[in-house]
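The values are calculated or read from the model by the stated rules, or taken from the named source; none is laboratory data. Please read all numbers here as calculations on a predicted model, not as lab measurements. Note that we place each Cβ from the backbone using ideal geometry, even for glycine, and neighbour counts take in every protein chain shown.
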Amino acid sequence: MSIDVSAKLLIKRQRKNYVVIGWIAIIFLSQGVYGPLGLSSLAIFLMAISLVPVIFLSIFAKHLVCELRFMRYNIFLMLLTIFFGGIGVFYGGPKYPQYIGTLVFHQIFIAAIIIVIRPVGIFIALKCAAYINIFFVGLQILGGLLNIDSLVKLDSLFVMKGENIEYFSLIPRASGLMTEPAHLSYLLLPIILIMSLSSRKENKIYSGGKYLFLMAYFLTFSLVAYMQILGAFLICNLRKLSLKRLFLGVLISLIVFSIYSSIPFAKDRISGVEEIIDGSNTKQSSVFAIQSNALVTFSSLKEAPFFGRGLTSHRGTYDDVIESIYSVPIEENWKGLNQNDAGSLPLLMLSETGLIGFVLFYGFIFFSFKYFYSKIESEISIFGLAFSLSLLFDGIRFGQLASIHLMLSIQMIFYCLAALKSKNQEV
């Protein structure tokens, strides 16, 4: 099918999938909500009860050649998951085998969903989730201005924010229904990139709401989020890069960093980094998370440099070696901060899959980006490029593999690669 399709045609094609799209939007929204088994378990529960119907729909969807290739990519990914999960047998067995099961579960569910509603259906679901999140961001700002703490924390909706509420004057950092501001940026980044890369401004699917999303993104007051979007836009404009654009990019970056560094909670993080540079230990939790996980990763690499210690091993290694690294007792709540998150995806990959897994993963991202960038004139390449960049930059400060955000990016890349290689560019 030609990629030059109108907004009306795209909407008409997806009309029969509106129920599925709405359900997926709800799943995107439920990641920060406390479920029956803890944080994010509501999203897992919603995925589980819809898994069989979604697989059924994917089996009877209109099958294309690209979907057979898409399935082969997924089989290869599953074999890699089994391989790196099995590596843990040589180091006392996988610490959390259920986590590997959750990873495979995410893979199967999201792959089936993409077959059913296609990339444009995923994009519509993301936009719906983003609009609803922005509504709750508005409630948070209203709560901040009126000094209503429960409205800022969204307590009545069982949103788990913990200590992730911070303020810039009277304005709380935007997080919506997500647990923290950075997680809201993970939802918004691929949407903003697709809308920015698409040249078809007349198509309301791609053009509507862009500046609203950018405003919400800015209101996260997250240095990680700012680094993500500035880096993504810089890479996207490599072909058009000139001395003027480079100067403008550096100037904008300096302005953003200056504004950020004047915020009290930002100063706290910067002082934590300065403490590490001076050779001392920091008590700033975000900086400690990166520092401690980096030291644990180096410890893992010394023992298993090539294939790592196996999937799920990092959490066990962290508990085993963290106190010996610092030579002081570590508070349990600080350990808990890193129990499910390695602080950064590159650190997690190095620790659990070694240099081989790290090179495979980031080599895949580099190859995908290069391939999509070479075919940027097609709509499907725009989707692939946006999710390649999201996968690359989301991992800066996100250290989990069993994540809807990361698996969605991987599966969208798979599908877009399969579509281009099969010469079927239907979005």
Got a number for residues in the range 396-421 being touching a Leu at 6+ places or on another chain (Cβ under 7 Å) and over 21 Å from residue 129 (Cβ atoms)? 2
What pairs come up if the first residue lies in the range 293-308 and is over 20 Å from residue 360 (Cα atoms), the second is surrounded by 13 or more Cβ atoms within 10 Å (Cβ to Cβ) and among the hydroxyl-bearing types (Ser, Thr, Tyr), and their beta carbons are under 6 Å apart, counting only those six or more places apart or on different chains? 296/317; 296/318
Matching entry among 378, 388 (being without any contact (Cβ under 8 Å) to a residue 60 or more places away in the chain and of a type in the set (Ser, Thr, Tyr)): 388
Checking 107, 98 in turn, the sole residue that is free of Cβ contacts under 8 Å to residues at least 40 places away in the same chain and either within 16 Å of the chain's Cα centre (by Cα) or surrounded by fewer than 22 Cβ atoms within 10 Å (Cβ to Cβ) (or both) turns out to be 98
Quick one: how many residues across the range 249-287 are at pLDDT below 75, more than 24 Å from residue 398 (Cα to Cα) and assigned to a helix (DSSP H, G or I)? 1
Can you report the number of residues in the range 353-409 which are under 19 Å from the mean Cα position of the chain (by Cα), among the hydroxyl-bearing types (Ser, Thr, Tyr) and surrounded by fewer than 21 Cβ atoms within 10 Å (Cβ to Cβ)? 1
Can you pull out the residues in the range 395-427 that are modelled with pLDDT of 90 or more and aromatic (Phe, Trp, Tyr)? 414, 415
With respect to the numbered conditions (1) modelled with pLDDT of 80 or more; (2) among the hydrophobic types (A, V, I, L, M, F, W, C); (3) in a helix (DSSP H, G or I), which one is the sole condition not fulfilled by residue 205? (1)
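Condition check: part of a helix (DSSP H, G or I) and under 30 Å from residue 309 (Cα atoms). Does residue 99 satisfy that?
Working: part of a helix (DSSP H, G or I): yes; under 30 Å from residue 309 (Cα atoms): yes.
Criteria met by residue 99.
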Residue 363: out of contact with any helix residue (DSSP H, G or I) (no Cβ under 7 Å at 6 or more places or on another chain) and at pLDDT below 95, yes or no? no
Filter the range 49-84 down to the residues that are modelled with pLDDT of 90 or more and small (Gly, Ala, Ser) and list them by number. 50
